[in-house]
Amino acid sequence: MINAMAHAFLGLGRPELALEVLEKGPLRSRRAMDEDMKLFRYLLGLTYKELGETQKALKQFYKIYVEDANYENVKDILRELDPSFKG
């Protein structure tokens, strides 16, 4: 539900509302991320990116990249946000 609401707010161009929803979400630490957690981190990263919080966005995208280098367009986003990224 959290992911769906955040996705909807991002689609409406309201990243501040997406962040409000996502900040209440499950940031749990695990060795391996399941698909829901990857999506959660991806949406959180997109939200931070939209809000201009590049370092926070990078943190989320790198966590996804470590688990699944081919997830969505994470490589492209990392190339865009981090010129030193060589992935």
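The values are calculated or read from the model by the stated rules, or taken from the named source; none is laboratory data. Fair warning: this is a prediction, and the values are worked out from it, not measured in the lab. Ideal geometry is used to build each Cβ from the backbone, glycine not excepted, and the neighbour counts take in all protein chains shown. Accessible surface areas use protein heavy atoms only, side chains included; no ligands, DNA or RNA. Shrake-Rupley method; radii C 1.70, N 1.55, O 1.52, S 1.80 Å.
A few remarks follow.
- Against the test of being touching a Leu at 6+ places or on another chain (Cβ under 9 Å) and open to solvent by 100 Å² or more (accessible area, probe 1.4 Å), the options Lys49, Lys56, Lys24 yield a single qualifying residue, Lys56.
- Within segment 54-79, residues that are among the hydroxyl-bearing types (Ser, Thr, Tyr) reach partners that are assigned to a loop (DSSP other than H, G, I, E, B) with beta carbons closer than 8 Å, at six or more positions or on different chains, in the pairs Tyr65/Tyr71; Tyr65/Gly87.
- Which listed residue is modelled with pLDDT of 95 or more, in contact with a Ser or Thr (Cβ under 8 Å, 6 or more places away or on another chain) and open to solvent by less than 80 Å² (accessible area, probe 1.4 Å), from Leu17, Leu81, Leu43: Leu81
- Cβ-Cβ contacts under 7 Å between residues 6 or more apart (or on different chains), taken from a first residue in segment 1-20 that is under 14 Å from Asp36 (Cβ atoms) to a second residue that is surrounded by fewer than 16 Cβ atoms within 10 Å (Cβ to Cβ) and not aromatic (Phe, Trp, Tyr), are listed as Asn3/Asp36.
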